[in-house]
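The values are calculated or read from the model by the stated rules, or taken from the named source; none is laboratory data. For clarity, every value in this text was computed on a predicted model and none was experimentally measured. Glycine gets a Cβ as well: all are built from the backbone with ideal geometry, and neighbour counts include every protein chain shown. Only protein heavy atoms, including side chains, enter the accessible area calculation; ligands, DNA and RNA are left aside. Shrake-Rupley method; radii C 1.70, N 1.55, O 1.52, S 1.80 Å.
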Amino acid sequence: RSYKRQTLCRFDIDRLNAPFLEIFESLIPTEEEKAKQKQLLTLLENIICKEWPEARLYIYGSCGNSFGVSKSDIDLCLVIGEEDINKSEILLRLADLLQSDNLENVQALTRARVPIVKLMDPVTGISCDICINNVLAVVNTKLLRDYANIDARLRQLAFIVKHWAKSRGVNETYHGTLSSYAYVLMCIHFLQQRRPAILPCLQGMRATYSVTVENIECAFFDQVDKLQEFGSHNRETIAELVWAFFNYWAYSHDYANTVISVRRGSTISKREKDWTRRIGNDRHLICIEDPFETSHDLGRVVDKHSIKVLREEFERAAEIMQYDANPCVKLFEPYVP
Ligand code: GTP
Ligand code: MG
């Protein structure tokens, strides 16, 4: 494929700032909603603490990483100290306790890839999934949240990208497209690469936070209150960044040879990771390295068909940002097969 490089006129693009910010604001959960989430968390903590006094309940996923839109389900992780526990047994016991406490739609999915209990709280109307001992997810949630607290533009960009991906049907891992987690990593990497950079590489700095989980050392600089000025030399606005993000994934990213790495704050070569060919079901057609489980490619779900769908969607978005009279509407038009 060969494309003309697209450029933009600052005047044209900056008129889109207000409408993009409006979309962002409309997606943020309200204080009332956050209070209800807290209320449910406290209720669940009380139930759990009676049965397993040593256990702790952590929020992970979008409600914990600050990239959650309004009306998201809550992802929770029950951390029980001992290593050799029987997860199914605990999940079934937990399901019993929840049921007796009048929570609704309680279901233990013990055979899922990540075994969970699902429930719905009739008082707050919030649904939630509880998994067990998935500590890496709790730690990567913290990493994402810490990045979000450095520069406000990350949260704005990621909300818009997630909203676009959901509207266009390209946020469905079971259909071979990318998870929300992958899209947020793509946004972080993109902002690390702007010149001047908008985000630093926290894993490349002196570690002020460090835990070892499943033999993986997770260490990074987490005193982000000291990095509030980091992105201030870059004055790009949200509209320019949305434009450039889609341009990057439509026309500039080297799909054949590179992996994006938030851990390194740069791209790295597929050769270095030995991700050059299909191994089992991992095709490595778009490569996004997990920041801690570095042997994990979050693009592994993407296949021959869905890579085409994804790239066409990136191109569609880039074209709309470039030429459409009303990109803030057109970009999010639902995909109709
Ligand atoms: P929405 O529910 O779509 O708003 O987003 P989400 O942030 O909850 O994202 P998602 O459902 O994709 O993932 C939930 C959490 O699970 C993420 O924040 C990660 O902590 C974790 N997670 C998801 N996929 C992976 C994965 O492939 N590897 C690892 N290590 N963690 C993952
Ligand atoms: Mg979620």
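Here are some notes:
- Cβ-placed point charges (K, R +1; D, E -1), dipole of region 223-337 about Cα centre in debye, nearest 20: 440 debye
- In the context of the full set of protein chains, region 118-188 has a per residue accessible area of 27 Å² (1.4 Å probe).
- Length added when fully stretched, Asn102-Met120, from 0.36 nm per residue minus Cα-Cα: 5.5 nm
- Cα-only radius of gyration and Dmax that characterise the chain, units Å: 20.8, 64
- Within the listed set Asn46, Asn65, Asn171, the Gaussian network model of the chain (springs between alpha-carbon atoms below 10 Å) gives the highest mean-square fluctuation for Asn46.
- The length gained on full extension between Lys308 and Asp225, counted as 0.36 nm times the residue separation minus their Cα-Cα distance, comes to 25.8 nm.
- Chain lengthening between Ala207 and Thr110 when straightened (0.36 nm per residue, less Cα-Cα): 31.3 nm
- Cβ-derived FRET efficiency at R0 51 Å, Arg277 paired with Glu22, nearest 0.05: 0.65
- Cα→Cβ-extended label distance, 7 Å offset, between Asn149 and Lys50, nm: 3.4 nm
- Counted over region 74-165, the DSSP beta bridges are approximately 65% antiparallel.
- For the chain, the longest principal axis of the Cα atoms and the long axis of helix 31-51 meet at an angle of about 40 degrees.
- Principal-axis tilt of helix 87-100 within the chain, Cα atoms, nearest 10 degrees: 70 degrees
- Residue (of Cys77, Ala325, Ala55) at the positive-pole extreme of the chain, dipole from beta-carbon charges: Ala325
- Across region 282-308, the residues whose backbone nitrogen lies under 14 Å from the label position 7 Å along the beta-carbon direction of Ser179 are 288-302.
- Within region 31-136: Cβ-based charge dipole about Cα centre, in debye rounded to nearest 20 (Lys, Arg +1; Asp, Glu -1): 220 debye
- The Cβ shell under 13 Å around Leu109 holds other residues with a net charge of +3, Lys and Arg each +1, Asp and Glu each -1.
- Helix 180-193 axis, angle to the chain major axis (alpha carbon atoms, nearest 10°): 40 degrees
- Comparing mean-square fluctuations of Ile28, Ile188, Ile47 from a GNM of the chain with C-alpha springs under 10 Å, the top value falls on Ile47.
- Within a Gaussian network of the chain (alpha carbon springs, distance under 10 Å), most fluctuating of Ala256, Ala165, Ala108: Ala256
- Cβ-based net charge around Ser210, under 11 Å, with every Lys or Arg adding one and every Asp or Glu removing one: -1
- Under the convention that each Lys and Arg Cβ holds +1 and each Asp and Glu Cβ holds -1, the size of the dipole of the chain around its Cα centre is about 1340 debye.
- Dipole of the chain, positive end: most advanced residue of Leu97, Ser306, Leu185 [Cβ charges, Cα centre]: Ser306
- Sequence-distant contacts, meaning Cα pairs under 8 Å at least 6 residues apart, place the relative contact order of region 107-167 at 17 percent.
- Length, then width, then depth: along the principal axes, the Cα atoms of region 31-136 run 39, 31, 26 Å.
- The local environment of Leu98, defined by Cβ-Cβ distances under 13 Å, has a net charge of -4 under the rule Lys, Arg +1 and Asp, Glu -1.
- Highest-first arrangement of 34-41, 276-283, where packing means the average Cβ count within 10 Å: 34-41, 276-283
- Paramagnetic reach from Lys34 (point 7 Å along Cα→Cβ, amide N under 13 Å) across region 156-184: none
- Accessible-area value, Cys77, 1.4 Å probe, nucleic acids and ligands omitted, Å²: 0 Å²
- Rounded to the nearest Hz, the phi-derived 3J(HN,Hα) couplings of region 285-301 under the Karplus curve 6.51 cos²θ - 1.76 cosθ + 1.60 (θ = phi - 60°) are 7, 9, 10, 10, 6, 5, x, 10, 7, 6, 7, 9, 9, 6, x, 4, 6, where x marks glycine and proline.
- For region 229-259, the residues whose backbone nitrogen is under 18 Å from a point 7 Å from the Cα of Thr294, taken along Cα to Cβ, are 258-259.
- Report summary: the helix-based calculation at 222 nm, which adds -39500 (n - 2.57) for every DSSP H run with n ≥ 4 and divides by the residues of the chain, gives -12500 deg cm²/dmol.
- Packing-based ranking, highest mean first, of 303-312, 325-334 given that Cβ atoms within 10 Å are counted: 303-312, 325-334
- Ranked order, Val106, Val336, Val117 - accessible area, probe 1.4 Å, largest first: Val336, Val106, Val117
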